[in-house]
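As structure tokens, the structure follows; a few thoughts come after it.
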Amino acid sequence: MTRTRVVVAGLGDSGLLTAIHLSRHADVVGISSKPELVSGQELGMRLARPDDWARDYRIGFDRYRRLDRVRRVHATLTGLDVASRTVHLTTADGSEREEPYDVLVISTGVTNGFWRRPDLQSADEVDADLRAAHERLATSSSVIVLGGGAAAVSSAANIALAWPDKEVALHFPGERGLPQHHHRVWRTVATRLTALGVSIHPGHRAVVPDGFACAAITEEPVTWSTGQPTSSADAVLWAIGRVSPNTSWLPTELLDEHGFVRVDADLRVPGHPGVFAVGDVAATDPLRSSARNRADKLLAANIRAHLAGRPLKGYRPPRRRWGSVLGFQPDGLQVFAPSGRAFRFPAWTIRSVLQPLIVRRGIYGGVRRD
């Protein structure tokens with residue numbers, strides 16, 4: 001009896017977990033532009049402490065035990081034919097090929113600055129990117145971080161923590177940072193930023209240069225559309241949340257007016273049986289929160305239900321962002337609930353409990369040692 005073939009287009013955080021959940025129930029093919037997981041999480045830690053970041057957020061696919069049954073293809077996605085149920089791609093050696101599917105999961109994420117890109121890269125190229133960004137900041141005596149979201153706030157905090165002698169300034173357009181979190185979160189995090197020596201500048205909206213995609217650390221002075229004098233630093237980190245979905249390979253009828261993949265509450269793409277979407281690319285809600293709320297597990301269950309002819313369950317997005325903001329710190333990991341209340345994992349639990357037992361064994365089903 002022929003098993004169902006599921007193609008997972010994109011093996012970032014959400015796609016990887018979806019492939020893991022389905023690996024025992026179908027023939028799964030995972031397509032990735034990177035030869036390993038290169039997570040989009042924890043930008044601040046990635047910039048300031050790349051080796052620490054890589055230990056948990058850059059992991060070879062061959063280390064995931066439950067990916068042993070998944071056929072992995074290192075390639076760029078170039079097209080989708082929904083009528084013939086085939087995905088078109090170009091592999092790392094330049095050859096063009098097709099992958100047929102019974103079920104397709106679209107999890108290609110978004111492009112966001114220089115740290116989240118869909119480019120086809122080798123492991124050496126990924127390593128070079130990580131080192132270049134870290135060294136660029138390491139050799140700068142002053143840094144301006146632009147943006148009020150978690151990526152910007154985390155970057156400012158971790159840069160100041162790694163290099164206490166640097167002048168680090170955080171500028172954002174609103175009255176407070178982290179506007180998609182509960183207001184208690186910003187109060188707590190702002191106190192931490194101030195203690196680290198970060199100068200905080202609300203009400204500053206940067207003028208984005210024409211044609212600039214925020215895909216580099218720059219050194220040109222920053223001008224403000226909100227009227228403040230021009231600001232300068234050795235390095236300017238753009239983390240203003242200007243994301244674009246990685247959907248150029250998809251037919252336009254699958255997309256909303258902003259280019260994200262349209263989905264129903266059960267994560268199915270309307271009008272296209274057997275096609276699902278999850279993660280930052282899926283237009284589930286204004287926050288596109290299925291990337292951060294374990295919707296991968298719900299999606300895998302819904303795909304199994306779809307194949308068995310059973311009813312599917314709906315995804316319920318949270319009203320606010322929640323979770324960690326600053327990432328692992330010397331004193332542990334602070335995690336915020338949707339209510340804005342914080343709880344902390346002590347530092348000693350990170351390597352002995354949280355990562356080996358909860359994350360690697362519990363969430364990923366086993367990760368081999370490097």
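Quick one: is Asp68 farther than 13 Å from Gly12 by Cβ and assigned by TED's automatic domain parsing to the domain that holds Leu267?
Yes; evaluated as a whole, the condition is true for this residue.
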Q. When region 310-325 is examined, which residues are found to be touching a Ser or Thr at 6+ places or on another chain (Cβ under 7 Å) and either among the aromatic types (Phe, Trp, Tyr) or crowded, with 19+ Cβ neighbours inside 10 Å (or both)?
A. Tyr315, Val325
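Condition check ((1) closer than 20 Å to Glu219 by Cα; (2) among the aliphatic types (A, V, I, L, M)) across all residues:
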{"position": "Arg117", "(1), (2)": "no, no"}
{"position": "Asp124", "(1), (2)": "no, no"}
{"position": "Asp127", "(1), (2)": "no, no"}
{"position": "Leu130", "(1), (2)": "yes, yes"}
{"position": "His134", "(1), (2)": "yes, no"}
{"position": "Gly147", "(1), (2)": "yes, no"}
{"position": "Ala151", "(1), (2)": "yes, yes"}
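For every residue, the table says whether it meets (1) assigned to a loop (DSSP other than H, G, I, E, B); (2) surrounded by 15 or more Cβ atoms within 10 Å (Cβ to Cβ); (3) modelled with pLDDT under 95.
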site: Ala190; (1), (2), (3): no, yes, no
site: Leu193; (1), (2), (3): no, yes, no
site: Ile200; (1), (2), (3): no, yes, no
site: Gly203; (1), (2), (3): yes, no, no
site: Cys214; (1), (2), (3): yes, yes, yes
site: Leu250; (1), (2), (3): yes, yes, no
site: His272; (1), (2), (3): yes, yes, no
site: Phe276; (1), (2), (3): no, yes, no
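Each row is one residue, and each column tells you yes or no for (1) at pLDDT 95 or above; (2) assigned by TED's automatic domain parsing to the domain that holds Ala162; (3) buried (at least 16 other Cβ atoms within 10 Å of the Cβ).
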position: Ala282; (1), (2), (3): yes, no, yes
position: Arg292; (1), (2), (3): no, no, yes
position: Val353; (1), (2), (3): no, no, no
position: Ile358; (1), (2), (3): no, no, no
Q | Meets criteria (of a type in the set (A, V, I, L, M, F, W, C), modelled with pLDDT of 95 or more, closer than 30 Å to Asp52 by Cα and not in a loop (DSSP other than H, G, I, E, B)) for Val236 | A | yes
Q. Within region 62-80, is there a residue that is out of contact with any strand residue (DSSP E or B) (no Cβ under 8 Å at 6 or more places or on another chain), surrounded by fewer than 21 Cβ atoms within 10 Å (Cβ to Cβ) and part of a helix (DSSP H, G or I)?
A. yes
Q) Among all residue pairs at least 6 apart or on different chains, which show Cβ distances below 8 Å where the first residue, located in region 142-161, is surrounded by fewer than 24 Cβ atoms within 10 Å (Cβ to Cβ) and the second is charged (D, E, K, R)? A) Ser142/Lys166; Ser142/Glu167; Ser142/Asp234
(Q) Quick check on region 90-100. Is at least one of its residues touching a strand residue (DSSP E or B) at 6+ places or on another chain (Cβ under 6 Å) and buried (at least 21 other Cβ atoms within 10 Å of the Cβ)? (A) no
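The values are calculated or read from the model by the stated rules, or taken from the named source; none is laboratory data. What you see is a predicted model, and the numbers here were worked out from it, not measured in a lab. With ideal geometry, Cβ positions are generated from the backbone for all residues, glycine too; neighbour counts draw on all protein chains shown.
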